[in-house]
Each structure stands twice: as C-alpha cells, then as structure tokens.
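Since the structure comes first, as structure tokens, the remarks are kept for the end.
The values are calculated or read from the model by the stated rules, or taken from the named source; none is laboratory data. Computed from a prediction, not measured in an experiment: that's the story for all the values here. For neighbour counting, all protein chains shown are included, and Cβ atoms are generated from backbone atoms with ideal geometry for every residue, glycine included. The accessibility values were calculated without ligands, DNA or RNA, using every heavy atom of the protein model including side chains. Shrake-Rupley method; radii C 1.70, N 1.55, O 1.52, S 1.80 Å.
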Amino acid sequence: MSNEKQVDPGRRGVLVATCAAGGVVGLATAGALVSTFQPSERAKAAGAPVEVDVAGMQPGQMQTVEWRGKPVWILKRSPEMVESLKKTEGELADPNSERTPDALTPEYARNPHRSIEPEFLVAVGICSHLGCSPTSKFAEGAQPNLPDNWAGGFLCPCHGSTFDLAGRVFKNKPAPDNLEVPRHMFVGDKLIIGKDAKGDA
C-alpha cells in the first residue's frame with residue numbers, strides 16, 4: 001500500500017481554478033502598471049514632446065519629423081549656410097522675429113539664426129500664408145521662381161513665398177510671417193521638440 005497522499009479531485013479543481021484566477025489578476029495588474037507609463041489619449045492629442053537623435057547629421061542635411069500632426073524640419077546648417085543669413089537681412093520682412101513672437105518664436109530663438117545652436121534650424125514646415133509646405137532650395141544662385149542672388153532657403157510652391165535658411169520670410173511675399181519655431185531643447189545628442197527648460201509646449 002502506497003504512503004503517498006491522495007489529492008481529493010474536488011480540491012484539485014479548486015486549486016487549479018485559484019491559480020488560474022491569480023494568473024489573470026496578475027496579468028491585469030501588470031497591464032495596468034505598464035499602461036501608466038504610456039502617454040494618455042489626451043496627451044497624444046495635445047502632442048507629447050518628440051525626441052530626435054541628431055548626432056549623425058551632416059552639415060547641409062535636413063530631416064523631417066512629425067509633432068502635433070505638423071512637419072518639423074531639423075536642418076543642420078553648414079558654416080557657409082550660417083554665414084549666408086547675414087546676406088539676407090535687408091531683404092526680409094521680419095528679420096528680428098518681432099511679429100507675434102510669443103506664437104512663432106521662443107525667446108531663445110529671437111536671434112539672426114532663430115535657434116539655440118547656430119548650426120541647427122528647428123522649424124515647422126508650414127507656410128504662414130495658406131498652410132502649404134515649402135520645399136528646400138539650398139543651392140545658391142539663379143533658379144526657376146527664385147532671384148538671381150538667391151542665397152539658399154525655402155520656396156513655397158503654392159504662391160511663391162520664399163524663406164531664408166532661418167525660416168524668415170522675404171519682403172513682398174504672400175506669407176505674412178516667418179516660419180514657426182517650436183519650443184525645443186538639446187539634451188546631449190538628443191533634440192527634444194515640444195519641450196524646453198520651462199516645460200512642455
């Protein structure tokens with residue numbers, strides 16, 4: 001006769017059911033815990049900050065990311081591009097970003113290069129006229145729909161507004177304002193769009 005204890009089939013069913021219920025509760029708890037680290041639907045709709053690694057960008061290279069449903073350009077300007085900003089000042093409608101500065105240009109970007117770091121332009125790629133997206137025209141000199149002394153910048157294909165390499169609009173163009181510079185900050189090799197030292201936008 002065996003000395004091993006026999007488990008009552010009724011108790012075995014209770015044990016299995018208890019373990020299964022515990023597993024479900026554990027999974028539900030873990031799922032709830034993980035979900036607390038995800039942005040809420042409200043945060044997503046408001047536009048949570050976007051983080052971009054800019055370490056590998058080369059001078060003259062531009063990339064586009066989405067923030068709040070808008071295209072945001074990140075242009076790493078070459079020293080020549082930065083220098084060209086001095087050539088355009090007399091031809092610009094708002095060279096010092098004085099029009100509606102609180103809406104379009106954070107205080108730390110109210111300078112000739114409209115940025116925290118001179119080599120980086122961070123701007124919303126939407127024309128201030130009717131919302132078209134300008135195209136990059138970085139090559140200097142005469143080109144279709146551009147002046148002979150073109151120093152590089154952006155051309156809106158819809159109605160011909162032109163912007164320099166700091167997103168500043170030229171005089172006598174349909175666009176009334178410079179391109180928007182979103183709040184941003186650099187943390188090491190990361191660019192945070194939609195957030196600065198004062199907090200989220």
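Quick look at the values:
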| read-out | value |
| --- | --- |
| Residues being at positive phi and small (Gly, Ala, Ser) - total across segment 45-91 | 3 |
| Of all residues making up segment 163-201, the number that are of a type in the set (S, T, N, Q) and surrounded by fewer than 23 Cβ atoms within 10 Å (Cβ to Cβ) | 1 |
| Complete set of residues in segment 114-144 that are open to solvent by less than 40 Å² (accessible area, probe 1.4 Å) and free of Cβ contacts under 8 Å to residues at least 24 places away in the same chain | Gly141 |
| Hey, Asp148 closer than 21 Å to Ala109 by Cβ and of a type outside the set (Ser, Thr, Tyr) or not | no |
| Which numbered condition Asn111 misses (of (1) surrounded by 17 or more Cβ atoms within 10 Å (Cβ to Cβ); (2) out of contact with any Pro (no Cβ under 6 Å at 6 or more places or on another chain); (3) among the polar types (S, T, N, Q); (4) without any contact (Cβ under 8 Å) to a residue 60 or more places away in the chain) | (1) |
| Matching residues in segment 163-176 - criterion: being at pLDDT 95 or above and either aromatic (Phe, Trp, Tyr) or over 18 Å from Leu146 (Cα atoms) (or both) | Phe163, Phe170 |
| Qualifying residue in segment 108-118 (condition: modelled with pLDDT of 95 or more, aromatic (Phe, Trp, Tyr) and closer than 20 Å to Asp177 by Cα) | no |
| Top-ranked residue in segment 150-171 [being assigned to a loop (DSSP other than H, G, I, E, B) and in contact (Cβ under 8 Å) with a residue 40 or more places away in the chain; ranked as farthest from the chain's Cα centre (by Cα)] | Lys171 |
| In segment 58-69, residue farthest from Thr162 (Cα to Cα) [restricted to those that are in contact (Cβ under 8 Å) with a residue 60 or more places away in the chain and not in a loop (DSSP other than H, G, I, E, B)] | Trp67 |
| Every residue from segment 92-102 that is open to solvent by less than 70 Å² (accessible area, probe 1.4 Å) and part of a helix (DSSP H, G or I) | Pro101 |
| Any hit, segment 116-127, residues being small (Gly, Ala, Ser), in a loop (DSSP other than H, G, I, E, B) and either touching a Ser or Thr at 6+ places or on another chain (Cβ under 6 Å) or closer than 24 Å to Val52 by Cα (or both) | yes |
